[in-house]
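Engineer: Take this structure, written in structure tokens, and hold onto it; I'll ask about it next.
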Amino acid sequence: MTTRFRRLVAATTGLTFVLILLGVYTGAVGAGLTCAGRWPFCDGWLGLFPANWMSFIEWFHRFVAMITGFFILGSAVAAWRGDYTRRIRYATGVALAVLPVQVLLGANTIFNFGAVAQVLHHAAALAILVSLVAATAWAYVEPPAGGLDADPQSETATSHADD
């Protein structure tokens, strides 16, 4: 298990958690409702730039969601291309597979701002988070690919300590 992959999957998990918190805030203040029936656009210039604070919150949430989506994609690709255990590959694969469903459920919360839409949307987000937490935990439990410590600086430090 490489340190680089561990950091990537941990960062992805952390970013996903931050996105969920941001999404809860966005939904709590009703910022998505500023878009009304114009989704995927919103109010503002050409529907692409925020016209007020509420639409800024909605657009910022979308921006962070886009970045998080790319991190999830990158983690899944790295897990499947690397020499990682099946459970890590499947956990990142589940996160990637649920992602488009979660995005569509998020769009649905704008049109149907009710309890059922919110619960389904956040349940999908929770499924993504749980699978990423599992992948992160397994990545840190598995031994590194290069032996006890895959970090070259550590190997140098231990080899000098043996001299």
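The values are calculated or read from the model by the stated rules, or taken from the named source; none is laboratory data. Note that this is a predicted model, so its numbers are computed, not measured. Reconstructed Cβ throughout: ideal geometry from the backbone, glycine too, with neighbour counts over all protein chains shown. These accessible areas exclude ligands, DNA and RNA; they are computed on the full protein's heavy atoms, side chains included. Shrake-Rupley method; radii C 1.70, N 1.55, O 1.52, S 1.80 Å.
Engineer: Just how much of TYR140 is accessible, in Å², when a 1.4 Å probe is used and the result is rounded to the nearest 10?
Structural biologist: Counting only protein heavy atoms, the figure is 120 Å².
Engineer: Can you tally the net charge around PHE5? Count Lys and Arg as +1, Asp and Glu as -1, for every other residue whose Cβ sits under 12 Å from the Cβ of PHE5.
Structural biologist: Counting the neighbours of PHE5, the net charge comes to +3.
Engineer: What FRET efficiency do you get for MET66 and ARG7 if R0 is 30 Å and r is their Cβ-Cβ distance, rounded to the nearest 0.05?
Structural biologist: Given R0 = 30 Å and the Cβ-Cβ separation, E is 0.90.
Engineer: So, one more: Order these peptides, 63-70, 27-34, by their mean beta-carbon neighbour count within 10 angstrom, highest first.
Structural biologist: In decreasing order of mean packing, 63-70, 27-34 become 27-34, 63-70.
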